1. For region 270-295, give me the residue count where each residue is part of a helix (DSSP H, G or I) and either in the same structural domain as residue 460 (by TED's automatic domain parsing) or in contact (Cβ under 8 Å) with a residue 40 or more places away in the chain (or both).
2. Quick one: residue 214 ticks every box in (1) at pLDDT below 95; (2) out of contact with any helix residue (DSSP H, G or I) (no Cβ under 8 Å at 6 or more places or on another chain) bar one, so which box is it?
3. Among the residues of region 317-331 satisfying the criterion of being in contact (Cβ under 8 Å) with a residue 24 or more places away in the chain and more than 20 Å from residue 353 (Cβ to Cβ), which is surrounded by the most Cβ atoms within 10 Å (Cβ to Cβ)?
4. For region 295-305, does any single residue satisfy the condition of being closer than 21 Å to residue 264 by Cα, surrounded by fewer than 17 Cβ atoms within 10 Å (Cβ to Cβ) and over 21 Å from the mean Cα position of the chain (by Cα)?
5. For region 54-63, give me each residue that is surrounded by fewer than 16 Cβ atoms within 10 Å (Cβ to Cβ) and in contact with a strand residue (DSSP E or B) (Cβ under 8 Å, 6 or more places away or on another chain).
6. Report, ordered by the first and then the second residue, all pairs with beta carbons closer than 8 Å, sequence separation of six or more or different chains, a first member in region 184-212 that is touching a residue at least 60 places away in the same chain (Cβ under 8 Å), and a second member that is assigned to a loop (DSSP other than H, G, I, E, B).
7. Out of the residues in region 421-432 meeting the condition of being in contact (Cβ under 8 Å) with a residue 60 or more places away in the chain and crowded, with 20+ Cβ neighbours inside 10 Å, tell me which one is nearest to residue 356 (Cα to Cα).
8. Please go through region 1-46 and give me each residue that is surrounded by fewer than 16 Cβ atoms within 10 Å (Cβ to Cβ), in contact with a helix residue (DSSP H, G or I) (Cβ under 8 Å, 6 or more places away or on another chain) and at pLDDT 85 or above, ordered by number.
């Protein structure tokens, strides 16, 4: 118990240390933590321009950023690194709690898209009795909208005898905001089925099921990335810093699931000790591992991260496409020029080129280049007849189109830019029910911030 308490305190200290990176002025001793969801009005002053955004209320604080509510009841997120200071208006902290808009304010046009989403999903839900996976997908969206039949359907599945189905419904209900039972998680973690153990591990981390730590620690040692990867992510969510040596070792693995999970977990755990260990490891790291260390240091806001990535951008052609995606989001000139050149260039419509084009457009949109919206429109109109596949390949053009559209929808969710709602709108009407459902899921995630965060935590 003492160990659990220490971990919880450490996690709390790490979280608020991230929030402490923002200077708060105007009221003695005030902090962002103190004014979350209160009626206190603040003015955010930006570093570079000195621009002031006034009459805001702080509603969420996370390591690295915080979210405010505007006078028009719209949510907006600021990165700590972009903010010079947050001024308390009126010179004092108000204790009265504000009532948040249930789902965040939407423009009238966006609300029309969402209204159509509910009816479209209802159509698919009713026509999916022969496809349980699709029906669960549709029921998840409807349950968020308060549809009692969909909620009952998911809960009935969770009470069934088949473990795989029970976990699938538990994942769906988690997205809606319902916590699965510890008994279900324990049973899943002890299962001999790899897929069931993986899903149980994922949920255990997200819902803070701390009794899972011993089993997850054992899974972390597994040679298979399908098990050790999810275990690393779950233990990072649980704040288990004892796994750091194992995570650092995983950085050098050739298995993509392992080193990607290690990157995520090390960034999630964060802290000065990890930053220092990353810098020490650089001297013996090969090019690939230097890139991974650069990503970690960059995401932990250490200046050496950007420096490393910039060096790789300039000297390692094979990694330039990936590094450019990261640096362009911060308006690095060389990275931005590279991505613009790729977008302007005619490339064969192969799956790798199309998927990279989508990721390219996402980075450009995040760097405030609105022309990227046109690229997304074009990608969602790609037809299977346009796809170029190797004659010896077993990959079908229609499968490439499906994966491309799915990626566009996932990128829309990750970017959290509501301008994408108008781009996605046409796909809501797609005759393929899976494409339509993916578009509906993205639309709902852009409209419901809490749902979006849970979705990303499951799919990141």
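The values are calculated or read from the model by the stated rules, or taken from the named source; none is laboratory data. Remember, predicted model here, so these are calculated numbers, not experimental data. Heads up, the Cβs are rebuilt from the backbone with ideal geometry, glycines too, and the neighbour counts pull from every protein chain shown.
1. Taking region 270-295 as the starting set, the residues that turn out to be part of a helix (DSSP H, G or I) are 272-284, 287-295.
Subset that is either in the same structural domain as residue 460 (by TED's automatic domain parsing) or in contact (Cβ under 8 Å) with a residue 40 or more places away in the chain (or both): 292-293.
Residues in region 270-295 being part of a helix (DSSP H, G or I) and either in the same structural domain as residue 460 (by TED's automatic domain parsing) or in contact (Cβ under 8 Å) with a residue 40 or more places away in the chain (or both): 2 in total.
2. Every listed condition holds for residue 214 apart from (1).
3. Initially, region 317-331 is screened for residues in contact (Cβ under 8 Å) with a residue 24 or more places away in the chain, giving 319, 321-326, 328-331.
Remaining after also requiring more than 20 Å from residue 353 (Cβ to Cβ): 329-331.
On the way: 329: 19, 330: 16, 331: 12.
Residue satisfying both the conditions and the ranking: 329.
4. Quick first cut of region 295-305, residues closer than 21 Å to residue 264 by Cα only: 295-305.
Narrowing further to those that are surrounded by fewer than 17 Cβ atoms within 10 Å (Cβ to Cβ): 303-304.
Now narrow it down to the ones that are over 21 Å from the mean Cα position of the chain (by Cα): 303-304.
There is at least one residue in region 295-305 that is closer than 21 Å to residue 264 by Cα, surrounded by fewer than 17 Cβ atoms within 10 Å (Cβ to Cβ) and over 21 Å from the mean Cα position of the chain (by Cα).
5. Narrowing region 54-63 to residues surrounded by fewer than 16 Cβ atoms within 10 Å (Cβ to Cβ): 54-55, 62.
Correct list: 54, 55.
6. 210/238
7. We begin by selecting, within region 421-432, every residue in contact (Cβ under 8 Å) with a residue 60 or more places away in the chain; these are 421-422, 424-425, 428-429.
So of that shortlist, the ones also crowded, with 20+ Cβ neighbours inside 10 Å come out as 421, 424, 428.
On the way: 421: 21, 424: 19, 428: 23 Å.
Checked region 421-432; the qualifying residue nearest to residue 356 (Cα to Cα) is 424.
8. Answer for region 1-46, where residues must be surrounded by fewer than 16 Cβ atoms within 10 Å (Cβ to Cβ), in contact with a helix residue (DSSP H, G or I) (Cβ under 8 Å, 6 or more places away or on another chain) and at pLDDT 85 or above: just 46.
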